[in-house]
Amino acid sequence: MMLLGRGLDARDNQTRQIQDAVSNVEKHFGELCQIFAGYVRKTARLRDKADLLVNEIYAYAATETPNLKVGLKNFADEFSRLQDYRQAEVDRLEAKVVEPLKCYGTIVKLKRDDLKATLTAKHREAKQLSQLEKTRQRNPSDLHIIYQAENELHRATLETTRTTRHLEETIDNFEKKKIKDIKNIFSEFITIEMLFHGKALEIYTAAYQNIQNIDENEDLEVRVIKICFSVYFLYKKQFSELGYTCPMQKNATNISGSQNNRMYTKPFFSTFSVKAYMFIISEQREQLQWQSNLFHKIQKRDSQNYLPLQTQLITVFKEHFSSESCSKDAQRKNLTLL
């Protein structure tokens, strides 16, 4: 009887350790599952915010000058491509990390059922042992009753031994699977993150180059050309008011009909209008040296008829180049032309 009692105590201790191990897995795997699920949700929210940012960049780029527009659109394209990889990251994390952790809810429930069956068998064995002791105390001479009680105890002991052995085997498999799954889950997590961040580094590098390739001087030239066209038409109107014919006309004369002022009309307007027109139509990237020559020619005119015109043109361009839209370097560079 003492050996049987010690065996029960040993099995109770073993069952308690198994129960603690199952409870530990249930607690920490549940926490890991919740935290990883939150991590995936945050990543998905970051993807959504990035999509909004891409849309806003596209909308802003449509309002800007050509060079800046191209640079921003290329940047937005790369950033949008990154969000495709971020979506793949979310899907993979959900499938390879969160779902395996969720499965442990069912696995732990099955192990608790095995524990419950083992504990029930042990309680039955302990109950039969107690009844056998009482029978021996009450009817020590009734061997038939004692024999029946011993048989019941023997069957209960066999059932307890069977369930305990089954529990030990399943717990061994459970521990092996737990360790293997932990290795796989964290390995998948690291691999997924490395793949994403590797692609992210590649895409961010391309996006950085797109931003660096934006040439602010080219966009400034476009802005200057627009101003030049407006000033050209202003000049055309002023010349008409002074009595000169259309600047593109081959034989231009003043009101008096003299040919002295031809040099002030055809050479200037032909050079200005043709070059500006070719710049806009062909979208070629020409330097603004011809503008500098244009302004120097205007400043050197001696004719009194050109003084109001010269002053007005220089005032318009000074106001443009001193505006907030031009940088200080651009102001210094372009004001030297005046």
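The values are calculated or read from the model by the stated rules, or taken from the named source; none is laboratory data. Here the structure is a predicted model, which is why all the values come from computation and not from measurement. Using ideal geometry, Cβ is built from the backbone for each residue, glycine included, and neighbour counts are taken over all protein chains shown.
Among the residues of segment 100-111, which ones are surrounded by fewer than 16 Cβ atoms within 10 Å (Cβ to Cβ) and either β-branched (Val, Ile, Thr) or modelled with pLDDT of 95 or more (or both)?
106
Does residue 30 satisfy the criteria of being at pLDDT 90 or above, assigned by TED's automatic domain parsing to the domain that holds residue 159, in a helix (DSSP H, G or I) and of a type in the set (Gly, Ala, Ser)? Lay out the reasoning, then the answer.
Values: at pLDDT 90 or above: yes; assigned by TED's automatic domain parsing to the domain that holds residue 159: yes; in a helix (DSSP H, G or I): yes; of a type in the set (Gly, Ala, Ser): yes.
Yes; evaluated as a whole, the condition is true for this residue.
Examine segment 124-143 for a residue that is within 27 Å of residue 28 (Cβ to Cβ), assigned by TED's automatic domain parsing to the domain that holds residue 205, in contact with a Leu (Cβ under 8 Å, 6 or more places away or on another chain) and not β-branched (Val, Ile, Thr), and state whether such a residue exists. Steps first, answer last, please.
In the first step, residues of segment 124-143 are kept if they are within 27 Å of residue 28 (Cβ to Cβ); the result is none.
For segment 124-143, residues within 27 Å of residue 28 (Cβ to Cβ), assigned by TED's automatic domain parsing to the domain that holds residue 205, in contact with a Leu (Cβ under 8 Å, 6 or more places away or on another chain) and not β-branched (Val, Ile, Thr): absent.
I'd like the full set of residues that are touching a helix residue (DSSP H, G or I) at 6+ places or on another chain (Cβ under 8 Å) and either basic (Lys, Arg) or not in a helix (DSSP H, G or I) (or both), limited to segment 37-62. Give the steps one after another, and end with the answer.
As a first pass, look at segment 37-62 and keep what is touching a helix residue (DSSP H, G or I) at 6+ places or on another chain (Cβ under 8 Å): 37, 39-40, 43-44, 46-47, 50-51, 53-54, 57-58, 60-62.
Matches in segment 37-62: 47, 62.
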